[in-house]
Amino acid sequence: MTAAEPSPARWAGASDDAAADFARLGPLLWDPVGRATVAAVDLRPGQRVLDACCGDGASAVPAAHAVGSPGHVDAVDLSPVMVGLLRRRAGDLPQLTGTAADVTTWAGEGYDAVLCVLGAFSLPDMDAGTAHLVRRPRPGGLVSVTSWRPGAMVAPGMALARAVARERGEPVPGDPPRGRLQELGAPDALAGWFAGRGAAGVEVTTVPHTLPATDDALWLLVLGSAFRGMLAGLDDDAVGRVRADYLGQLAGGPPVDATTLVAVGSRAG
Ligand SMILES: C[S@@+](CC[C@H](N)C(=O)[O-])C[C@H]1O[C@@H](n2cnc3c(N)ncnc32)[C@H](O)[C@@H]1O
């Protein structure tokens, strides 16, 4: 993971604490992004949907509401802890099935729509993994990936990286790293990359979103996202100093940019 790219984290082995913080962050971040993706894909009652890398259900739950009881949503995540949270959250939705599995080998197909929200960049080989997802819908069915827009999440990622570096006595990073996420994030580049994985007629929607720069929201963003991994190995006192440094850089400043891009295409017939 690079400092400014929160999504590639592996949540597969997420602790209960990390998953609980992920869920607490949901209303501020994951849930609005998930709802926006479901709106962009325009699901209809009765459809069969695969939600790949579903987490605790930010898009799977609204997808299940959109397809209704004649429809069905397969929600798949590598992390059994996440799937446990999803099942508790979706207990009253019989049309939603949560399964702990690797989506890169998920054999289900023939779906009307496949979603992957902030998950493609978590896959060990995002090109091959996304191409596999593009083959899951029926011919003509829809497939969607959601990712951060370039610049989104950079400010908190860099502030945390600087605070952690100071705490560990390591060189303090200057510029944000340019990872694959930043390179592909621009709408045209994302559309071209998705088309290269086999998606036809790709259109990209920009979904603006921000988080308030309050102490609570900023720190929850660290604990409930892949940024948490940067704290590994630090004891409680060290984490307290990192928190104070990080909040000192950001609290009371501009809102955190959490804008996403939703790319929607279809499986060629
Ligand atoms: C940043 S979270 C996004 C979760 C959810 N889509 C959301 O927007 O709230 C990425 C998720 O991808 C899952 N994931 C990563 N690699 C996976 C794989 N190979 N198969 C299934 N899930 C995977 C992680 O366990 C994690 O829950």
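General remarks:
- Members of segment 97-113 that are among the acidic types (D, E), more than 18 Å from the chain's Cα centre (by Cα) and either within 13 Å of the ligand (Cβ to nearest atom) or not in a loop (DSSP other than H, G, I, E, B) (or both): D112
- Helices (runs of 4 or more DSSP H) within segment 114-215 that include 3 or more residues more than 17 Å from L29 (Cβ to Cβ), of a type outside the set (K, R) and modelled with pLDDT of 95 or more: 126-134, 154-168, 187-196
- Listing of helices (runs of 4 or more DSSP H) fully contained in segment 1-96 that carry 3 or more residues being more than 30 Å from A232 (Cβ to Cβ) and at pLDDT 95 or above: 30-41, 60-67
- Filter pass, G224 being out of contact with any strand residue (DSSP E or B) (no Cβ under 6 Å at 6 or more places or on another chain) and either on the phi > 0 side of the Ramachandran plot or surrounded by 20 or more Cβ atoms within 10 Å (Cβ to Cβ) (or both): yes
The values are calculated or read from the model by the stated rules, or taken from the named source; none is laboratory data. In this text the structure is predicted, and so the values were computed from the model without any measurement. Backbone-built Cβ (ideal geometry, glycine too); neighbour counts: all protein chains shown.
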